[in-house]
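Single-structure report; data block below.
The values are calculated or read from the model by the stated rules, or taken from the named source; none is laboratory data. Keep in mind it's a predicted model, so treat the numbers as computed, not measured. Neighbour counts run over all protein chains shown; Cβ positions are idealised from the backbone, glycine included. Side chains are part of the model used for accessible areas, which takes the heavy atoms of the whole protein and leaves out ligands, DNA and RNA. Shrake-Rupley method; radii C 1.70, N 1.55, O 1.52, S 1.80 Å.
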Amino acid sequence: MTKRTWCQALGGHTLPGMRRRSSLLLSAAVLSGLSLAGCGDDAPTSAGGSPSPTVAAVHAEQGVVVTGAWVRATTGSATPSMTGAFMVLRNDGDADVVLVRARTKVARMTQLHEMSMVDGKATMHEVSGGIRVPAGGSVTLQPGGYHVMLMKLARPLPAGEEVPLTLTFSDGTSQTVTAPVKVFAEETGGYSPTPAPMH
Amino acid sequence: MSSRRQFLGYLATAGAAATSGALGGRASATTEAPAAQPAVRSFSPHGEHQAGVLSAGQAVLHAVALDLLPGTDRAALGRLLRVWTGDVEALMTGRGPLGDPTPELAEGGNGLTVTVALGHGAFALPGLAERKPAGLSAVPPMRHDRLEPRWSGGDLLLLVAADEATSVDHAVRRLLRDAEPFARLRWRQRGSWRGTDAHGRTVTGRNLMGQVDGTGNPPPGALRDQTVWATSPSWFEGGTTVVVRRIRMDLDDWDRLTRDEQEAALGRRLASGAPLHGSQERDPVDLRRLPPGSHVAVAHPSANGFRRIFRKGVNWTDERLAADGPVVESGLLFLSFQADVARQFVPVQQHLDRADALNRWTTATGSAEFAVLPGLQPGRWLGQGLIGP
């Protein structure tokens, strides 16, 4: 299976700019958390467009590159004991890598979830086998798609706090990222295990 | 007119070489340079100072004042500033802020700046009062003021500017949305400026009276730095203060004057912006050769003990609905940047209030003062030096 079909099979979300390839953009992405890379990007090869050897080496050592991580604030939420975490996972390596686990001290329980449409309704369920990041591609965890479900929160999460998230991957690497907490309006699924009852 | 536009358009598409710009405002179509390509530019969110203070020539500016919600304490203000820092970094580098459902509206190359400032109310929070910059003080009432609460005050200020309006609308919406747990909109004033001429060359620009407005700003260099940037307290180094004045203009009455009468009130030529005794916009001003009470004769640093400000203006037009239909109001949103409000802005404004001939046509209907936070360093957040850690 090619990288592209992995990506499509997973329904990975892409962001504007993902097709652009330049060392500048890739370096900037690493430095400032840009969410530019996307599904279907081939391994960088083109002349004048490949990342510098230094950047590539860092990627190889670090495994998946995590950018744009954030957590939805729970203050004022209908379900303040749970929320979602979102981010972009980019894999510049030659082999697929799976996000197998996400942990944070602010939640006593975490799951990797995805949203899908069942009988015309958005429903959420746990992903079996983790979230696959294809070689040379990326996956976006975002509202309405893949996300890290944070449950049994130890306390409410107000906007502007920062939550440490420790991500463990199938290649044996793990890393801790700092995710700012932000307000978010969209209510699809409510990021609760069962859809909220309709009024 | 349309044939002239078509001709200029033809020149631009044909890529004709520039001929001569020496004729300035009196150039005819046959000698005009081709239109400049639309500028694609961006400002860094990082630096010693926030870029939006000195950024020049942006076509659109929104001044957005917010009030803190009752529950917003010092720690919560810190959280808001962290959120806004992420938003500012994203927006100024052409990305949607985290959680933006419409990140495509944040596409860069638009010369966007977001400038964050704190008003008196923010410094009234427990733990911040003793850290308030001495340079941030209230502007005392002026005789000609007709201030409305609707356009005055505010605990926080965002100045959002860009080379086009859609990006500004989007940026302000995201910033207000992300501020919702902490603060709510108090007033917003939208304005526009034309900082280029017909050939795309940078010019000072004009207010709605037709006046070339801003000639007297200190040029880049030590004088401007000393005018604008605060040096104390230490957390505020690299910051500045801004006075926002919403000035209503009586354009209907202004239009009744002859050009001579208008120029006598301004002290400058309308066409060139030159002082009445000179011929070029930047000719030195000689107070003895200007009509007493003309605007430049009262506002010029040499008439004010060489107190200086760095000013920006944007033009605005609002309509409000009266019983018999819409009533149009126009004017200038005046932004005065200085290290110290009381030592620089206030004496100049008091002098203008006493003597400026333009007082007959200009009335301040809003006024507010804010401390513009020092520039942002990568990995830190705006206001971190104030609120910590």
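Quick look at the values:
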quantity	calculated
Heavy-atom surface of chain B, accessible at 1.4 Å and reported per residue (Å²)	45 Å²
Label-point separation, A:VAL100 to B:ASP286 (7 Å along Cα→Cβ), nm	8.6 nm
Portion, in percent, of the accessible area of segment B:3-384 that falls on carbon or sulfur, probe 1.4 Å	52 percent
Burial ranking of peptide ranges B:253-266, B:228-241 (average Cβ count within 10 Å, highest at the top)	B:228-241, B:253-266
Simple label model, 7 Å out from Cα along Cβ direction - B:LEU69 to B:ASP197, nm	5.1 nm
Förster radius 22 Å - calculated FRET efficiency between B:VAL327 and B:LEU208 (Cβ-Cβ, nearest 0.05)	0.85
Residue-averaged beta-carbon neighbours from other chains (10 angstrom radius) around A:154-161	5
Between 0 and 90°, nearest 10: helix B:165-179 axis offset from chain B longest Cα axis	20 degrees
Viscosity 1.567 mPa s, temperature 4 °C, Stokes-Einstein D of chain B from Kirkwood C-alpha radius, µm²/s	59 µm²/s
Spin-label zone in segment A:127-147 - amide nitrogen under 18 Å from a point set 7 Å from the Cα of A:ALA78 along the C-beta vector	A:143-145
Amide H contacts under 5 Å for A:LEU141, placed H, 5+ residues apart	A:MET87, A:VAL88, A:LEU89
Nearest-0.05 FRET efficiency for A:ARG155 and B:ARG343, computed from C-beta distance (R0 60 Å)	0.80
Among B:145-154, B:344-353, B:323-332, the order from most to least packed when residues are scored by Cβ within 10 Å on average	B:344-353, B:145-154, B:323-332
Computed [θ] at 222 nm, helices only, for chain B once each DSSP H run of length n ≥ 4 contributes -39500 (n - 2.57)	-6500 deg cm²/dmol
Crossing angle, helix B:2-14 versus chain B [Cα axis fit, 0-90 degrees, rounded to tens]	70 degrees
Separation in nanometres of the label points that stand 7 Å from Cα toward Cβ, at B:SER234 and B:THR317	5.2 nm
Inter-chain shielding of A:65-75 (mean C-beta neighbours from other protein chains, 10 Å cut-off)	2
³J(HN,Hα), Karplus 6.51/-1.76/1.60, whole Hz, each residue of segment B:321-326, x for Gly, Pro	8, 9, 4, 9, x, x
Protein-protein interface of segment B:157-200, residues with accessible area decrease of at least 30 Å², isolated chain reference, 1.4 Å probe	B:ARG177, B:ASP178, B:PRO181
Between 0 and 90°, nearest 10: helix B:74-92 axis offset from chain B longest Cα axis	40 degrees
Estimated buried accessible area (total), pair B and A, 1.4 Å, Å² to nearest 100	1300 Å²
